[in-house]
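Beneath this line is the structure, given in structure tokens, with notes to follow.
The values are calculated or read from the model by the stated rules, or taken from the named source; none is laboratory data. Remember, predicted model here, so these are calculated numbers, not experimental data. Note that each Cβ is placed from the backbone with ideal geometry, even for glycine, and that neighbours are counted across all protein chains shown.
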Amino acid sequence: MITSLDTERCTACNQCVATCPRDVFEKTEHIPTIARPQDCQTCFLCELYCTADALFVHPEAEPAMAARLTPSDITPLLGEYRRESGWDEWSENPRYANQHWRMEDVFRLARDG
Amino acid sequence: MTDRVRTYDTDVLIIGGGLAGCWTAISARRAGVRAIVAEKGYCGTSGVAASAGPGHWFVPPEARLREEAIARRMAGAQGLGDARWMERIIDRTYRTLPDIGTHYHYTPDDSGAVRRHALRGPEYLRALREKALAAGAVLLDHSPALQLLGHRDGRVSGAQGVSRQGDGDEWLVRAGAVVLATGGCAFRSHLLGGSNNTGDGLLMAVEAGAALSGMEFSSFFTVAPANTPLSRAMIFSFARYYDTQGREIAKPAAPNDHSAIAVALQGGPVLCDLSATPEIVRRQLPQISPNVTLTFRRLGIDPFTQRFPISLLGEGTIRGVGGVRVTGEDAGTDVPGLYVAGDVASREPVTGPVTGGGAVNAAWALASGCIAAEAAARSALENPLDQRSILEPLGDAGLSTRRDRTNSSTTRSAFANTLSKGPTRPDASASSEVEIVLREEMLSPTRQYFRNADTLAAASARLSAAWGALRDATPPSAGPRERQRFRELAAMTATARWCTASAAARTESLGMHRRTDSSTNGSDVPAYVISGGADTVWTRRQAAGTVS
């Protein structure tokens, strides 16, 4: 579930408001707010579209575990999904090249050894 | 409708902007007609493909390869498959999918070849959005459809819904033809990317008079780390599972059958062990599926050295099979002007009673989208909508604006009593009771894996009560989000009723549908279970290969 929006990093571009498939964020006069966290489907896609790396989604669908995280737990993880997906400024870095094509080979390896 | 309604005229309206809806829009534009996509969320991140990694059923046009591919699938389809549909979607997918190369950035494999059929979800859906826009489609984001609109000549001629963002509260599209591409229904199971998949299109289709097929093939569950939506299958292909006493759970006889895990989960936590994952796969994983590695990192689990608890997520009709019955080669339905694409349609023609998995379902989504778009475009050109014609909403379950408090509080009270013997509740509370019923009946792995006449009859009674309560409930507020929420609840409840009724009607086990009260597997004469009806649910068996 969406856990935090880093108010210092946020540039108020409102991409999260537009791209969240669950309409979790709300535009305001300043930076957007996490208006409907209970509607979050934990798909992490808002992180991909946040070029300011201001958003953090905890993988648990219910907020129990995320509630124990502190900013010092979260800050080092901000932006990792966008980076590892090779989006935007990471697109030329071969370390993060999209190797999704390997998936069928992995399935084959699991099946046939 | 209030006066804050934005209205549009178009040739083809596509409801749903995921994998199927985007290809439908692109194909409609290619066929030379105007196209509007009304998407509940955001076209580009919405739908189950966006956070997954769809391969596609992709077979080169060599007669022997295609015959073998089709023969394998026909055998698995156990009499419910249609070789012509298989041939059609293989051919369409092979010819059309490479077009995404204008907007999708492929990384060549180790041999330098580009594998056109393997696309990662977030990048694929982003590319499809850009391609649809470049083709001139109009995208209405955050615009859930609530009702189809009908013309008095019997054709479906548009839809209306609410706008969650922007300057209007409601929208209305008048169209020559409509393609439903709303996806399957996972009953809000926390399936990755599946929360918008609430069966809206199934309800709209049935209200318009269409029939469904194969709704009993909806008992499919996927493993995920406990409490997470991470239903990504690849990494679990190396998994071993242990019950709460530490005993290894036997590997399933059939792939994807997690019924033994379902039984073990009743006794306590089930732990997953991924230590058999080869070293090379561990290294490659972040670049294949970055959302898998980040999930474990954030949970504080090293999945390759530590056992971790798992849960089973219901897939409903997503990796299930059932949906709107396709009545012809044009992806049409029983209703003129109404077409279907992707998971909202029954995929029995290409998978029979077993899951299509990612590859066949993605190929079906793409190809049925192309086929539906072309047929809808022809239909729209042949039946232009008169600007003055009056259109009527074709259904209103969950959208009651009636203020007949006596009537609706009676229904509510009866419903509350059915569930908890509680006092009369406000409608908001009735809706959360419906959510509980849906979760208990449709998302319980053992309930779905082990069906029998008694459990199905009990489920049917509870779901009927839920439907009755929702049918006449008035949302606590008339705001767009509340109206959408009630409509989604009605759609999920209706879908659950069709699944349950169809499961009761198919008294033998077949494919993913398992009856514990029947010793036979399959039947002598392969048959479909057709279903429909909103207030009064009906089913009938129809021998495969016969018409009507």
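Is there a residue in region B:265-280 that is modelled with pLDDT of 95 or more, within 22 Å of the chain's Cα centre (by Cα) and buried (at least 18 other Cβ atoms within 10 Å of the Cβ)? Talk me through it step by step, then tell me what you get.
Let us first name the residues in region B:265-280 that are modelled with pLDDT of 95 or more, namely B:265-280.
Next cut, within 22 Å of the chain's Cα centre (by Cα) only: none.
Checked against the condition, which is being modelled with pLDDT of 95 or more, within 22 Å of the chain's Cα centre (by Cα) and buried (at least 18 other Cβ atoms within 10 Å of the Cβ), region B:265-280 yields no hits at all.
Answer with yes or no whether A:Pro63 is assigned to a loop (DSSP other than H, G, I, E, B), under 19 Å from the mean Cα position of the chain (by Cα), within 7 Å of another protein chain (Cβ to nearest Cβ) and not small (Gly, Ala, Ser). Talk me through it step by step, then tell me what you get.
Details: assigned to a loop (DSSP other than H, G, I, E, B): yes; under 19 Å from the mean Cα position of the chain (by Cα): yes; within 7 Å of another protein chain (Cβ to nearest Cβ): no; not small (Gly, Ala, Ser): yes.
It is false that A:Pro63 is assigned to a loop (DSSP other than H, G, I, E, B), under 19 Å from the mean Cα position of the chain (by Cα), within 7 Å of another protein chain (Cβ to nearest Cβ) and not small (Gly, Ala, Ser).
Just to be sure, is B:Ile301 in contact (Cβ under 8 Å) with a residue 24 or more places away in the chain and within 30 Å of A:Asn93 (Cβ to Cβ)? Break it down stepwise before answering.
Numbers: in contact (Cβ under 8 Å) with a residue 24 or more places away in the chain: yes; within 30 Å of A:Asn93 (Cβ to Cβ): yes.
Yes, satisfied.
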**Study point:** Whichever residue in region A:1-28 is loosely packed, with under 15 Cβ neighbours inside 10 Å and among the β-branched types (Val, Ile, Thr) and, among such residues, is nearest to the other protein chains (Cβ to nearest Cβ)
**Key:** A:Thr28
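Where in region B:1-107 are there helices (runs of 4 or more DSSP H), lying wholly inside it, with at least 3 residues that are at pLDDT 95 or above and either closer than 25 Å to A:Ala18 by Cα or among the hydroxyl-bearing types (Ser, Thr, Tyr) (or both)? Working first, answer last.
Details: elements: B:19-30, B:63-76, B:83-96.
Passing ranges, in order: B:19-30, B:83-96.
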**Study point:** Some residue of region B:149-161 being touching an Asp or Glu at 6+ places or on another chain (Cβ under 6 Å), polar (S, T, N, Q), assigned by TED's automatic domain parsing to the domain that holds B:Gly342 and under 20 Å from B:Ala372 (Cβ atoms)
**Key:** no
Study note, to complete from the structure: Pairing a residue in region B:107-118 that is more than 9 Å from every other protein chain (Cβ to nearest Cβ) and in contact (Cβ under 8 Å) with a residue 24 or more places away in the chain with any residue that is surrounded by 11 or more Cβ atoms within 10 Å (Cβ to Cβ) and not aliphatic (A, V, I, L, M), where Cβ atoms lie under 9 Å and the two sit 6 or more apart in sequence or on different chains, gives B:Arg116/B:His56; B:Arg116/B:Phe58; B:Arg116/B:Tyr94; B:Arg116/B:Pro98; B:Arg116/B:Gly101; B:Arg116/B:Tyr106
Study note, to complete from the structure: Every listed condition ((1) of a type in the set (Phe, Trp, Tyr); (2) outside any loop (DSSP other than H, G, I, E, B); (3) more than 13 Å from chain A (Cβ to nearest Cβ)) holds for B:Phe296 save (3)
Study note, to complete from the structure: Just one listed residue, out of A:Arg111, A:Arg83, is part of a helix (DSSP H, G or I), exposed (fewer than 14 other Cβ atoms within 10 Å of the Cβ), of a type in the set (D, E, K, R) and within 11 Å of chain B (Cβ to nearest Cβ), and it is A:Arg111
Exercise for review: Looking at (1) modelled with pLDDT of 95 or more; (2) part of a helix (DSSP H, G or I); (3) buried (at least 17 other Cβ atoms within 10 Å of the Cβ), find the lone condition where B:Ile530 falls short.
Suggested key: (2)
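Going by what's in this entry, would B:Tyr94 be described as touching a Pro at 6+ places or on another chain (Cβ under 8 Å) and surrounded by 15 or more Cβ atoms within 10 Å (Cβ to Cβ)? Talk me through it step by step, then tell me what you get.
On the way: touching a Pro at 6+ places or on another chain (Cβ under 8 Å): yes; surrounded by 15 or more Cβ atoms within 10 Å (Cβ to Cβ): yes.
For B:Tyr94, the condition - touching a Pro at 6+ places or on another chain (Cβ under 8 Å) and surrounded by 15 or more Cβ atoms within 10 Å (Cβ to Cβ) - is met.
Here is a yes/no grid of residues against (1) under 18 Å from B:Ile288 (Cβ atoms); (2) at pLDDT 95 or above; (3) within 9 Å of chain B (Cβ to nearest Cβ):
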site: A:Ile34; (1), (2), (3): no, yes, no
site: A:Gln41; (1), (2), (3): no, yes, yes
site: A:Ser91; (1), (2), (3): yes, yes, yes
site: A:Arg95; (1), (2), (3): yes, yes, yes
